[in-house]
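Visitor: Before I ask anything, let me first share the structure, which is written out below as C-alpha cells.
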Amino acid sequence: AKWFTFDMSDTYSEINRKYEQMLSNPQAGMQDPNLLAMFVADHPFFAETILQMAMVLYYVNDRGRGSDLLRRCMYLYETALPTSLLPSNNANNGEANIEIFMDMYHQPNSGFFACLFRIMQTSGMSGCHPNALAVGRYLLSLDPLRDPMGVLLILDYYALASRRSSVALSEEDEDVRELGASFIVDLVESGKITINWEDNLTSRHHNCPLLQMPNWAFSYAMALYRLSRKEEADEALKTALNNFPMVLPKLLEMNKVDVQARSFQMDWPTVLPAFNHDLNAANIDEVNTQIEARVARAAGEHLVRIFVERNHKLWKENDVVQWMYGCSEEVVKGTQPQLQKEEDTGEREMSTSTELAAMQLISTFSPALARYAQCDPSDYEDRFRTFPPEAIALDPNLVGPALVHDHRRGRFLRGGQARGGGGMEREMMEEVPADLMEQLRGMLGMAGNDEVDLLDPDSPILQLYLRSLLPWAQVDGVRPPR
C-alpha cells in the first residue's frame, strides 16, 4: 500500500498563510461572501477559497456558476495528482495492484476530500447518479477503513438509483444485469468493507460488517430483488426487518402508504404494531441501561433518518410494497411462539390479529455506528437549503471577476490598499517621522486620541455603519466630522 499527500509550493503556502491570517482576524470580515469573492478574484488558483465560493453560489441557488467554480477546484487538484492516484481502468498500469490511500486529516488533503464529496453530492442532485456513484467509489477507496466523509451513508442510494445495465455481448446472450445492484451485492459479499470506530472515552475498538448499517441491510435486499434472486432477497429483507424494525413504519409513512386499510393482499394493521413498538423511546430506555447502548441507538436512529429521507422513493413501487408486506408478515409470524393446539376445538390453529400485534421487535445497533453520529443529514439530501437573495447580498461586480481569470486586472481594494500595487502607499506612510504624523493627525482632528479604532471601508455596509457610531471608531481614509 502507498499513502499520498499533497505538498504546497512556496507560492501556494504564501497564499495559504494570508488566508489563515484573514480567518484568524475577525476584523478582516472573511465571513462576508463579497470579500471571499474578492479573495478568489485575486487568487484564482487557491482551491480552498474556490470551493467555499462555489458552495456560497449553490446556497443562493446559482448552480451554474457554482458548478463552474467547483470544476475549477477539481481541476487544480487533478493537475497536482500523480497518474497512479487517478482512477483508471488501465489494467496494464504498473501500480494497478497496489492499494493507494490518502489521509484526509492532513490539512492539504482535506480540501481534496471535500471537493470530491461536493462533486458527488451535486452530481446526485442533478440526476447524474452514475457519475455520483463513480466519484463516491473513488472517494471511499482513498480511505475505506475510516470513511471520513461518510460516503457509505449515500453510496448505496446512488448505486440503486443509477439503474444502469450491462450490455449483452451478443443477441443470444441474455445475461444483462443491473450494474448498481451488482455492485452492492459484490461489495457486501466480499466482506472487504467493515465499520471501525474507537471510543475515546473507553479506548475500546468496535467494528461490524457492512450489513450492520441499516441502509446497506435494506439496499442489499433490494439489490438481490432487482437481480431476480428472490429467495436470497426474501431472507435478506427479513433479516433487515428483524434487525431494524423501525425502518418499515418510517418508509411506509414517507411513501404515504395507507396502513389502516385491509385487503386480501395486505393487512397492515395486523403486522405494523410489532414494528411500531421500536419507535417508542420509553420502551427502549427500559432495555438500554448502559451508556454505550444508548449512544449506539442514537447513532443508529440518526442513520435510519438519513436512509429513509433519501431512499424512500426506491421503495414506493406497488410490487416492492407487496414484497415488504409479505416479508414483514413472515417476520412477525416466524417470531411468534408455537401455540398449543387444543384437540377438541380448532380455535388456536391460526394466529389472530391481536396475537400478532402482541409481538415486539426492537432494533439492535452496533456501537461502531457511532462513527457516523456527527454526519450532517443535510449533506445527504437531494437539494441544498437555499437562502433568499437578501440574506446573502452578493455584489455581481465582485462575483464576476472571481469566475473569470484575467491576469491584466489589478488587485481589488481591500483593507485600505489601492488597486494593483497601491499597497506601497501604506508602506510609505509607515516611514513618515512620528512628529510629522502627529501634525497630520492634528489636521485631521485626531490629535490626542491614540486609541482610534480604524474601520475597514470594505466591510459590510450595515456592520460598517453600526460600528462607525462608536465614539472611538473611525472609517479608514474618511475625515472625521468637526
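Visitor: Just checking, how many residues over segment 116-136 are over 16 Å from L152 (Cβ atoms), under 11 Å from the mean Cα position of the chain (by Cα) and open to solvent by less than 20 Å² (accessible area, probe 1.4 Å)?
Guide: 1
Visitor: Is there a residue being free of Cβ contacts under 8 Å to residues at least 40 places away in the same chain, assigned to a helix (DSSP H, G or I) and buried (at least 21 other Cβ atoms within 10 Å of the Cβ) anywhere in segment 208-218?
Guide: yes
Residue-by-condition table, conditions (1) farther than 23 Å from L133 by Cβ; (2) under 24 Å from the mean Cα position of the chain (by Cα):
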position: G180; (1), (2): no, yes
position: V188; (1), (2): no, yes
position: T202; (1), (2): yes, no
position: H205; (1), (2): yes, no
position: L211; (1), (2): no, yes
position: A233; (1), (2): no, no
position: A236; (1), (2): no, no
position: F244; (1), (2): yes, yes
position: S263; (1), (2): yes, no
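Visitor: So which residues in segment 349-380 are acidic (D, E), in a loop (DSSP other than H, G, I, E, B) and at pLDDT 90 or above?
Guide: D376
Visitor: Would you mind stating whether E20 is under 27 Å from the mean Cα position of the chain (by Cα), open to solvent by 10 Å² or more (accessible area, probe 1.4 Å) and closer than 30 Å to P82 by Cβ?
Guide: Judged against the criteria, E20 is a match.
Visitor: Does A240 meet the test of being in contact with a helix residue (DSSP H, G or I) (Cβ under 8 Å, 6 or more places away or on another chain), without any contact (Cβ under 8 Å) to a residue 24 or more places away in the chain and farther than 30 Å from S203 by Cβ?
Guide: So A240 fails the test.
Visitor: Restricting attention to helices (runs of 4 or more DSSP H) lying wholly within segment 222-284, give those where 2 or more residues are at pLDDT below 90 and either closer than 25 Å to L211 by Cβ or open to solvent by 20 Å² or more (accessible area, probe 1.4 Å) (or both).
Guide: Passing ranges, in order: 268-276.
The values are calculated or read from the model by the stated rules, or taken from the named source; none is laboratory data. Just so it is clear, the structure is predicted and the values come from calculations on it, not from any experiment. All Cβ positions, glycine included, derive from the backbone under ideal geometry; neighbour counts span all protein chains shown. Note: accessible area is taken over every heavy atom of the protein model, side chains too, but ligands, DNA and RNA are not part of it. Shrake-Rupley method; radii C 1.70, N 1.55, O 1.52, S 1.80 Å.
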